[in-house]
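Below: one structure, written as structure tokens.
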Amino acid sequence: MTSPAQGRAEAPEPGLTEAEARARLGSEGPNELSREEAHGFLAAVGAVLKEPMLLLLLGAGGIYLVLGDVKEALTLLSFVVVVIGITIAQERKTENALAALRDLTSPRALVVREGRRRRIPGREVVRGDVLVLGEGDRVPADGVLIQATNLEADESLLTGESVPVTKLAGARSAVDARPGGDGLPFVYAGTLVVRGHGLAEVRATGPRSEMGRIGRSLATLEVGRTPLQSEVGRVVQAIAAGGVALCAALVVVYGLTRGGWLQGVLAGIALAMAVLPEEFPVVLTIFMALGAWRISRSRVLTRRLPAIEALGAATVLCTDKTGTLTENRMTVVRLWVPGTTHRVDGRPLPEAVHQVVEHAVLASQRDPFDPMEQAIQRLGLERLAGTEHLHASWEPVREYPLSPELLAVTHAWRATGDRRVVASAKGAPEAIADVCHVTPSVARTIEEETARMAEDGLRVLAVARAEGVGEALPAIQHDFDFRFLGLVGLADPVRPGVPEAVAECASAGIRVVMITGDSPATARAIARQIGVPAVDVVTGPELAALDEAGLARRLRTASVFARIVPEQKLQLVQALRAMGEVVAMTGDGVNDAPALKAADIGVAMGGRGTDVAREAAAVVVTDDDFTSIVAAVRLGRRIFENLRKAMAYVLAVHVPIAGLSLVPVLLGWPLVLFPVHIVFMELVIDPACSVAFEAEPGEADAMRRPPRKAGARLFGRRLVTVSALQGATVLAASLLTFSVGYAHTASPDSGRALAFATLIAGNVSLILVNRSWRHPALGKLGARNLPSWLVVVGATAMLLLALLVPFLRALFRFGPVSAGDAALAIGAGAGALAWFELVKWLRPRWLEEVA
């Protein structure tokens with residue numbers, strides 16, 4: 001970036017005073033998009049206390065206090081405090097992560113205040129500030145130029161047009177105009193100065209800027225509940241309604257048959273806690289949060305957690321070319337002079353092309369910002385070092401800038417101690433051929449070689465030189481006596497790993513669609529390199545001429561779209577979604593925001609993207625790399641598969657817990673489960689279904705299977721049936737051990753201990769068999785999943801402590817059991833699901849469809 005002392009406009013006026021700036025900052029607000037207010041501590045506590053499970057725990061604790069059982073009451077109430085602390089800590093962590101993402105790119109600004117230049121945070125720029133703009137600066141606010149020297153700005157983030165536009169200083173009373181177009185005096189927040197320097201007076205900041213207006217309109221759009229959220233909500237409501245009816249009936253039956261109404265209420269609360277599927281929304285939230293963290297390790301940040309569910313179902317991946325499929329770092333790959341073509345590699349440059357590189361360097365800025373000029377300078381410094389073709393001591397005399405009439409630039413130089421001037425020019429091949437006045441046959445040769453380079457996806461510049469120029473320089477470039485030297489072919493190399501990632505998408509049934517503003521020839525060349533079919537290339541003008549039916553027909557065969565403007569991205573997203581596709585769309589500019597918002601998965605670029613694009617997108621790729629997006633899709637599939645396993649486990653484990661709370665009352669047996677037992681089970685269930693199943697490695701063939709069908713239900717009929725059967729067998733084993741233990745010991749407390757041991761062993765068995773519905777449990781024992789083993793070992797250790805430690809045994813109302821009886825009870829629970837292992841070994845088709 002140009003230093004403030006070089007290449008900057010002089011500031012002939014003082015700008016605002018510090019007092020004026022502070023006053024405007026206070027009255028108009030900071031120069032940033034609005035932020036959501038964080039929730040206070042008490043509000044967070046109140047939200048947590050509305051959870052049904054916590055309300056039940058509070059109710060049970062209150063009843064125990066009424067009954068005088070202080071120890072039981074304090075045990076249950078302590079769980080409430082722990083859950084509140086964990087929940088609030090997690091919410092704070094999430095809010096901090098989102099705030100850090102929002103501040104990912106906070107530009108700084110150079111302003112003039114009280115006659116002095118000051119570097120300040122971009123958020124502190126106010127209306128009326130005088131901005132000092134130079135090559136490489138990001139404009140922090142909308143303004144009007146009051147000085148400008150050869151200033152050009154890249155406004156593609158607002159307009160989608162990749163060619164920089166020239167800026168001319170205008171009157172401060174000038175009427176505002178839309179971004180884009182040459183010769184205007186306006187600069188806009190988020191755009192980039194690529195050439196020249198100037199001063200601008202700030203007209204609008206924050207939400208009042210051009211970028212802010214788009215961001216404000218996007219903020220009014222509500223993002224609805226995802227299919228998974230809606231489905232889980234419906235299941236929870238249905239089960240909760242049935243559970244409430246069962247609880248009320250149980251309280252009445254208990255009170256009428258046994259006369260203990262408070263005990264009946266406790267039995268009802270235990271059944272409510274057993275039936276209430278409060279894990280479902282918790283599991284969904286935790287899976288999304290841990291999934292976001294896991295995906296972030298692939299350099300993809302998730303702004304909206306529910307979008308993770310869509311990643312695994314993506315069927316079309318629409319991606320930009322520049323910077324996503326390619327490195328966005330131009331490199332000189334080919335040099336041509338009449339009669340000689342040299343491919344730039346590790347070999348030394350032949351003498352024949354030295355002058356082309358020499359004068360391409362001289363026709364560039366000394367400290368270039370333009371990617372093509374940077375590539376040319378790198379080549380010169382690396383390959384011409386130690387030769388007479390580098391001229392660090394030459395003095396610049398004059399620069400002839402690019403103009404709409406002549407797409408070429410010329411730099412005039414004077415050698416040290418020499419009055420003669422050497423002029424070097426570079427630009428579009430047809431423009432350089434024009435100023436060199438080449439013959440028609442030479443012009444045809446240049447045109448043919450340019451076309452060959454373009455077909456290979458290269459950007460082509462021509463280079464010329466003029467020597468022996470006197471001190472009186474020509475007024476225009478046409479009046480130099482230029483001699484044509486040759487062509488420079490530059491490429492934006494494909495990122496490493498992109499062809500492999502595209503091939504992985506193909507094997508996973510995901511179609512990659514490349515969208516670019518480049519020419520069809522360049523787009524086709526890049527598509528060939530990465531493995532995207534490029535037989536049918538649709539251009540922006542062709543797309544504009546298609547109706548809905550015509551576009552649908554072309555979309556079935558076309559995977560490359562060239563000369564596309566950002567507004568057409570939205571058209572493509574809507575057409576693909578109308579065809580039933582689940583669409584991921586990448587984008588970085590302000591005008592990409594509607595397409596990002598409309599896509600199932602909007603993917604913003606974190607490196608070069610705008611704040612508005614990130615606000616509209618569901619995920620942000622921090623390194624702008626296509627391979628990171630594919631890695632996120634792979635993880636999205638893993639997350640959904642593991643989420644389905646976790647939900648199956650939750651369904652299954654609630655069957656024996658609810659059964660042990662209900663069946664003994666109906667049969668006239670002593671109560672088997674009390675609230676403390678349910679809480680103990682929750683300590684096993686919650687980490688098992690959230691952390692342990694989330695950490696399960698993905699299936700090896702996850703990216704060799706087609707995406708799940710759009711609208712596929714999480715709770716399918718077969719999944720619910722299998723889960724219910726799993727839970728029923730664990731329930732049968734637990735009831736059997738209770739009845740046998742009760743009859744054998746004549747003690748309900750001993751029978752309760754044996755039944756609980758069976759329940760815990762069955763729970764561990766459910767965890768192990770549900771780690772995979774495709775492979776046997778023994779085959780998954782070697783798979784790396786430390787959390788699942790911690791849960792298994794922890795549950796076993798807690799059970800042994802509850803059976804052996806007198807204090808805990810009294811708390812859980814367990815009686816003494818022999819080692820043999822305990823071993824039989826644990827064996828009954830562990831072996832209750834042997835039948836499901838047999839089903840996995842037989843591998844019926846219906847199980848493959850569910851798994």
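The values are calculated or read from the model by the stated rules, or taken from the named source; none is laboratory data. None of these values were measured; they are calculated from a predicted model. As a convention, Cβ positions derive from the backbone with ideal geometry for all residues, glycine included, and neighbour counts pool all protein chains shown. Please note that ligands, DNA and RNA were not included when accessible areas were found on the heavy atoms of the full protein model with its side chains. Shrake-Rupley method; radii C 1.70, N 1.55, O 1.52, S 1.80 Å.
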With the structure loaded, tell me whether Ser403 is hydroxyl-bearing (Ser, Thr, Tyr) and in contact with an Asp or Glu (Cβ under 6 Å, 6 or more places away or on another chain) or whether it fails that test.
no
How many residues does the stretch 811-851 hold that are surrounded by 12 or more Cβ atoms within 10 Å (Cβ to Cβ), more than 42 Å from the chain's Cα centre (by Cα) and part of a helix (DSSP H, G or I)?
12
If the requirement is being within 20 Å of Glu837 (Cβ to Cβ) and modelled with pLDDT under 90, which of these qualifies: Val792, Val722, Val769?
Val792
Can you spot a residue in the stretch 656-671 that is within 17 Å of Arg258 (Cα to Cα), without any contact (Cβ under 8 Å) to a residue 40 or more places away in the chain and open to solvent by 10 Å² or more (accessible area, probe 1.4 Å)?
yes
Which residue, of Leu284, Leu311, is among the aliphatic types (A, V, I, L, M) and modelled with pLDDT of 80 or more?
Leu311
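If the requirement is being assigned to a helix (DSSP H, G or I), at pLDDT below 90 and over 46 Å from the mean Cα position of the chain (by Cα), which of these qualifies: Ala753, Ala743?
Ala743
Within the stretch 666-688, how many residues turn out to be of a type in the set (A, V, I, L, M, F, W, C) and in contact with a Lys or Arg (Cβ under 9 Å, 6 or more places away or on another chain)? Walk me through it before giving the result.
First, pick out the residues of the stretch 666-688 that are of a type in the set (A, V, I, L, M, F, W, C): 666-667, 669, 671-674, 676, 678-681, 683-685, 688.
Among the residues that remain, those that are also in contact with a Lys or Arg (Cβ under 9 Å, 6 or more places away or on another chain) are: 671-674, 676.
Residues flagged as of a type in the set (A, V, I, L, M, F, W, C) and in contact with a Lys or Arg (Cβ under 9 Å, 6 or more places away or on another chain) within the stretch 666-688 amount to 5.
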Going through the stretch 688-703 one residue at a time, which ones are over 23 Å from the mean Cα position of the chain (by Cα) and open to solvent by 40 Å² or more (accessible area, probe 1.4 Å)?
Ala700, Asp701
Hits in the stretch 574-609 (condition: over 18 Å from the mean Cα position of the chain (by Cα) and in contact (Cβ under 8 Å) with a residue 24 or more places away in the chain)
Gln574, Ala575, Leu576, Ala578, Met579, Gly580, Glu581, Asn591
Looking at the stretch 324-362 only, could you name the residues that are open to solvent by 40 Å² or more (accessible area, probe 1.4 Å) and of a type in the set (A, V, I, L, M, F, W, C)?
Val333, Ala352
Tell me whether the stretch 715-723 contains one or more residues that are in contact (Cβ under 8 Å) with a residue 24 or more places away in the chain and either touching a Pro at 6+ places or on another chain (Cβ under 9 Å) or farther than 28 Å from Val633 by Cβ (or both).
no
For residues in the stretch 598-615 being at pLDDT 85 or above and in contact with an Asp or Glu (Cβ under 9 Å, 6 or more places away or on another chain), which is most open to solvent (accessible area, probe 1.4 Å)?
Asp600
Going by the structure shown, is Arg483 surrounded by fewer than 22 Cβ atoms within 10 Å (Cβ to Cβ) and closer than 22 Å to Arg563 by Cβ?
no
Quickly run through the stretch 782-808 and pick out the residues that are free of Cβ contacts under 8 Å to residues at least 24 places away in the same chain, open to solvent by less than 80 Å² (accessible area, probe 1.4 Å) and in contact with a helix residue (DSSP H, G or I) (Cβ under 8 Å, 6 or more places away or on another chain).
Leu808
Every listed condition ((1) open to solvent by 60 Å² or more (accessible area, probe 1.4 Å); (2) touching a strand residue (DSSP E or B) at 6+ places or on another chain (Cβ under 7 Å); (3) at pLDDT below 70) holds for Arg225 save (2)
